[in-house]
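Quick note: the coordinates plus some simple rules give every number you see, no bench work behind them. Bear in mind the structure is a predicted one, so any value in this text is a computation, not a measurement. In this analysis, Cβ positions are derived from the backbone assuming ideal geometry, glycine residues included, and neighbour counts consider all displayed protein chains.
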Amino acid sequence: MSVVEPASAQLMNGTALARETLDRTAERARKLLAETGVRPCLATVLVGDDPASVTYVAMKRRRSAAAGIESRHLPLPGRTTTAELVAAIRALSDDPTVHGILLQHPVPAHIDERAAFEAIAPAKDVDGVTMWSFAAMAFGRDDGFVSCTPGGIMRLLDAYGVDPAGKRAVVVGRSPILGKPMGMLLLARDATVTYCHSRTVDLSSVVATADILVAAVGRPEFIRGADIKPGAVVIDAGYNPGNVGDVDAAGAGERAGLLTPVPGGVGPMTIAVLLDQTVLAAERVAAVAASTAVTSTAAAAR
Ligand code: NAP
């Protein structure tokens, strides 16, 4: 009879970290309202009635309310054209009472998603989906917004004392909202980063080199436990039907040092970063208003 080793990986508790993050976000929202009269406002835009998207938006709106963030919801019919969606998002970009804009994606196939994303003013791109945000993140600037899921993963790594500097990081997946920015954030923290994708040859041998492994593939249990380097930090960003991640959780549990569970790992952090960035957007607007007021008072006194 073979002896089964007990699972050794420590689980990274994204639910608890998200709660702490949201508590701090709510406190900042309260302070901003008390000091400036500004209540942060997140506009959510949903095209069509895809059940998963409806659920995600409802969850984001509930969490917003709990954090003292006003949410304004713009539901649009599934037949909305690209031009109509762009016009609606531009109107929100021009509305001074809106601080953050979230376009729930994927949008229906007939819409040019990139055109719709680019209608979001960079100062309100709290979901980090515009080309401006991507460039700001890639240049290491601190005046943009990061894509929420990789941003949340970086916070998880920090919370568990994982310093990426000098580590070999492997990111499986290269989507513009997850894999690609993930690798760039790890690179900015001095990891040596390898990207894998659907054309990667001998994925297993690349995965086996990872001190930090991020799975962002969208295929249930795609990463085999046996391929994971013993002691590695394994971040499972995947979310597949039935609460199944992109990593074989049982196998990974026996080899990894740290592992994000699904659910309760990466997912909760995504919303926490979204709301944190919404309050940050409002704080930035208030700071500009305050410095403008100081400047005009000084000019009037001269
Ligand atoms: P995506 O846009 O479909 O990208 C998937 C990536 O996986 C692509 O880069 C693709 O490579 C790569 N891939 C597909 N098959 C592969 C294979 N056989 N070998 C190696 N790479 C392969 O997905 P996504 O939006 O990045 O999402 C990825 C996962 O994360 C999904 O499970 C999604 O549900 C989850 N997710 C979770 C959150 C959260 O908040 N927890 C947020 C966003 C996404 P190519 O580029 O070559 O096609």
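Report the one residue of 264, 97, 208 whose Cα lies farthest in the direction of the positive end of the charge dipole of the chain (charges on C-beta: Lys and Arg +1, Asp and Glu -1; origin at the Cα centre).
So the residue furthest toward the plus end is 97.
From the phi angles alone, apply the Karplus equation (6.51, -1.76, 1.60; θ = phi - 60°) to the stretch 230-239 and give each ³J(HN,Hα) in whole Hz, x where the residue is Gly or Pro.
With coefficients 6.51, -1.76 and 1.60, one gets x, x, 5, 8, 10, 9, 9, 7, x, 9 Hz.
Shape call for the stretch 53-126 from the C-alpha gyration tensor, a ≥ b ≥ c root eigenvalues: rounded (a/c under 1.5), prolate (a/b greater than b/c) or oblate?
Values: a/c = 2.11, a/b = 1.30, b/c = 1.62.
It comes out oblate by the Cα gyration axes.
Using the Cα centre as the reference, give the magnitude of the dipole from point charges on the C-beta atoms of the stretch 91-195 (Lys, Arg: +1; Asp, Glu: -1; all else neutral), rounded to the nearest 20 debye.
Working: 9 positive and 12 negative charges, 109 e Å.
Here the stretch 91-195 has a charge dipole of around 520 debye.
Projected area of the stretch 88-244, taken from the Cα convex hull and averaged over every viewing direction, in nm²? Provide the component values of the computation, followed by the final result.
On the way: hull surface 43.0 nm².
Seen from a random direction, the Cα hull of the stretch 88-244 projects 10.7 nm² on average.
For a 25 Å ceiling on Cα separation, which of these pairs sit above it: 31/180; 124/167; 124/180; 60/167?
31/180; 124/167; 60/167
Any idea which of 47, 123, 186 is furthest toward the positive side of the dipole for the chain, if Lys and Arg beta-carbons carry +1 and Asp and Glu beta-carbons -1?
Final value for the positive-end residue is 123.
Suppose we keep just the DSSP beta bridges with both residues in the chain; what percent of those would be antiparallel, to 5?
Antiparallel: roughly 5 percent of the beta bridges in the chain.
In a Gaussian network model over the chain where Cα atoms closer than 10 Å are linked, find which of 22, 92, 32 has the largest mean-square fluctuation.
In the Gaussian network model the winner is 32.
Suppose every Lys and Arg Cβ carries +1 and every Asp and Glu Cβ carries -1, with no other charges. What dipole size does the chain come out with about its Cα centre, to the nearest 20 debye? Let's see the in-between values first.
Details: 29 positive and 31 negative charges, 92 e Å.
In debye, rounded to 20, the chain gives about 440.
Could you tell me whether the stretch 1-129 comes out rounded, prolate or oblate from its Cα gyration tensor? Rule is a ≥ b ≥ c as square roots of the eigenvalues, rounded for a/c under 1.5, then prolate if a/b exceeds b/c, otherwise oblate. All intermediate terms of the calculation are to be shown ahead of the outcome.
Details: a/c = 2.70, a/b = 1.33, b/c = 2.03.
Because a/c hits 1.5 or more and a/b fails to exceed b/c, the stretch 1-129 counts as oblate.
Dipole of the chain (Lys/Arg Cβ +1, Asp/Glu Cβ -1, origin at the Cα centre): which of 78, 217, 9 lies farthest to the positive side?
The Cα lying farthest towards the positive end belongs to 78.
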